[in-house]
2 protein chains.
Amino acid sequence: MRRSSEDTKALILRAAREHFAADGYDRATIRAIAATAGIDPSMVIRYFGSKERLFATAADIDLRLPDLGEVPRDQVGNALAAHLVDRWGDGDVLPILLRTAVTNEGAADRMRTVFAGQLAPLIIKLVDDPSEAPARAGLAATQALGFALCRHVLALPPVLAMSREETIAWLGPTFQRYLAGPR
Amino acid sequence: MRRSSEDTKALILRAAREHFAADGYDRATIRAIAATAGIDPSMVIRYFGSKERLFATAADIDLRLPDLGEVPRDQVGNALAAHLVDRWGDGDVLPILLRTAVTNEGAADRMRTVFAGQLAPLIIKLVDDPSEAPARAGLAATQALGFALCRHVLALPPVLAMSREETIAWLGPTFQRYLAGPR
DNA sequence: GTCTATAATTCGATAGAC
DNA sequence: GTCTATCGAATTATAGAC
């Protein structure tokens, strides 16, 4: 079957994200990705050069964080908690990064980049004392990533069972204190 | 060189924990573990049967959680935060489990077992309403594992830079609310 | 643009000598 | 108890025909 170059690349990327999210970097083989995409394994190398570069492309995604500057200051915690439960679910980028960043140094570096480039700048606009911004952003990251880890990767039963409303009620105040509360 | 059976097993286990913690399950090869232990790769199989059983033995450790029943009720949050920063550091079990649980189903299952067998029972003694215990234990796990992940695995700079006192001051109130606070 | 065939590694695990 | 030697399987990546 003949396809356009772009179509094939998109097919491969979609399959790659699926496998990287489900199995992590090592167990996600080029062969399995190609099988899911319905093409030959050699095509993957042809288009992306190597497995490492395929991963870099697959994991280079926008976390699409909400603009917390638009919500009332006393609601930023709830807004972030809502975003966390609504958008960072299964099939999103976050599980991919979590599953890979722990064993792949390139992915860990990407995680630090995403953190520094997308989460931290967003926090700076909220904090009174700019010198406190990095620590506050880091704290928000520990709770956000910990929740995603327990819910979508480890599947801890009680965390999996929490409803959207429960999650916001519990995590919202935590984020509120980390982002805009007293230190 | 001749050693006792127990000495060799201990050598292998120590090297295995080192490699599993640093590289995760897949990248921690039996060959590399044997090289660190200074013995032949075939000895690993001889003593533990398979890589999977070696991992099960290496990861079967006591988290040695503090007995939160012995501290004043309004101090359990700080006590857990202190334990988190003091004991669950580099070289401990937690990084091993984190690095492996994300890509190895057996390790993920072990993580759920550790959670259900060690953390949850400890929480039950603190909570007034027993029906709330699982959710509260799960919430504490999200913050605890998220902190360990960001600090010891991802090495996010601001999280890495936090002192023991800062960590307790920030995380203590969070744990306090999850464990013994209003819902 | 797609495929077959295969090179070059690397891994887990086994057999058997000493 | 320890080692050498090796098997069989799986992987990434390449070369080249169509």
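Assess whether A:Thr174 counts as being more than 7 Å from chain B (Cβ to nearest Cβ) and part of a helix (DSSP H, G or I). Criteria not met by A:Thr174. Among the residues in the range B:130-140, are any more than 13 Å from the chain's Cα centre (by Cα) and of a type in the set (Asp, Glu)? Yes, because at least one residue in the range B:130-140 is more than 13 Å from the chain's Cα centre (by Cα) and of a type in the set (Asp, Glu).
Quick one: in the range B:32-50, which of the residues that are more than 9 Å from DNA strand D (Cβ to nearest atom), free of Cβ contacts under 8 Å to residues at least 24 places away in the same chain and in a helix (DSSP H, G or I) is farthest from the other protein chains (Cβ to nearest Cβ)? Once the filter is applied, the top-ranked residue is B:Ala35.
Note on the range B:76-93: residues that are surrounded by fewer than 16 Cβ atoms within 10 Å (Cβ to Cβ) and in a helix (DSSP H, G or I) amount to 2. Of all the criteria given as (1) touching a His at 6+ places or on another chain (Cβ under 9 Å); (2) charged (D, E, K, R); (3) in the same structural domain as B:Ala169 (by TED's automatic domain parsing), the one not satisfied by B:Arg112 is (1).
When you look at B:Arg73, is it charged (D, E, K, R), surrounded by 14 or more Cβ atoms within 10 Å (Cβ to Cβ), assigned by TED's automatic domain parsing to the domain that holds B:Pro121 and more than 16 Å from DNA strand C (Cβ to nearest atom), yes or no? Criteria not met by B:Arg73. Applying the set (1) in contact with a Ser or Thr (Cβ under 8 Å, 6 or more places away or on another chain); (2) away from every other protein chain (no Cβ under 14 Å); (3) within 13 Å of DNA strand C (Cβ to nearest atom); (4) not hydrophobic (A, V, I, L, M, F, W, C) to A:Glu18 leaves exactly one unmet item: (3).
Yes or no, residue by residue, for (1) in a helix (DSSP H, G or I); (2) in contact with a Ser or Thr (Cβ under 8 Å, 6 or more places away or on another chain); (3) within 7 Å of another protein chain (Cβ to nearest Cβ):
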residue	(1), (2), (3)
B:Thr57	yes, no, no
B:Pro95	yes, no, no
B:Leu119	yes, no, no
B:Ile123	yes, no, no
B:Leu145	yes, no, yes
B:Val159	yes, yes, yes
B:Thr167	yes, no, no
B:Trp170	yes, no, yes
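Looking across the range A:51-63, the residues that are of a type outside the set (Gly, Ala, Ser) and away from DNA strand D (no atom under 15 Å from the Cβ) come down to A:Asp60, A:Ile61, A:Asp62, A:Leu63. Here B:Leu119 meets each of (1) without any contact (Cβ under 8 Å) to a residue 24 or more places away in the chain; (2) under 15 Å from B:Ala79 (Cβ atoms); (3) aliphatic (A, V, I, L, M) with one exception, condition (1). Does A:Lys9 fit the bill of being within 15 Å of DNA strand C (Cβ to nearest atom), within 14 Å of chain B (Cβ to nearest Cβ), surrounded by fewer than 20 Cβ atoms within 10 Å (Cβ to Cβ) and more than 24 Å from A:Gly172 (Cβ to Cβ)? No: the conditions fail for A:Lys9. Looking only at residues in the range A:147-157 that are part of a helix (DSSP H, G or I) and of a type outside the set (Gly, Ala, Ser), the one that is farthest from the other protein chains (Cβ to nearest Cβ) is A:His152.
Number of residues in the range A:14-31 that are over 14 Å from the mean Cα position of the chain (by Cα), buried (at least 20 other Cβ atoms within 10 Å of the Cβ) and either in a helix (DSSP H, G or I) or more than 10 Å from DNA strand D (Cβ to nearest atom) (or both) equals 4. Considering the conditions (1) under 20 Å from B:Leu154 (Cα atoms); (2) modelled with pLDDT of 95 or more, A:Pro95 is excluded by exactly one of them, (2).
Test A:Leu145 against the stated conditions and say whether it is within 29 Å of A:Glu18 (Cβ to Cβ) and either of a type in the set (Val, Ile, Thr) or in contact (Cβ under 8 Å) with a residue 12 or more places away in the chain (or both). Considered against the rule, which asks whether it is within 29 Å of A:Glu18 (Cβ to Cβ) and either of a type in the set (Val, Ile, Thr) or in contact (Cβ under 8 Å) with a residue 12 or more places away in the chain (or both), A:Leu145 comes out as yes.
Being outside the structural domain of B:Ala21 (by TED's automatic domain parsing), surrounded by 24 or more Cβ atoms within 10 Å (Cβ to Cβ) and basic (Lys, Arg) is a property that B:Arg99 has. Scan the range A:163-183 for residues that are within 20 Å of B:Ala135 (Cβ to Cβ) and surrounded by 14 or more Cβ atoms within 10 Å (Cβ to Cβ) and the total you get is 12. Residue-level check: of (1) away from every other protein chain (no Cβ under 12 Å); (2) of a type outside the set (Lys, Arg); (3) closer than 23 Å to A:Lys125 by Cβ, A:Asp90 misses just (3).
The values are calculated or read from the model by the stated rules, or taken from the named source; none is laboratory data. Remember, predicted model here, so these are calculated numbers, not experimental data. Note that we place each Cβ from the backbone using ideal geometry, even for glycine, and neighbour counts take in every protein chain shown.
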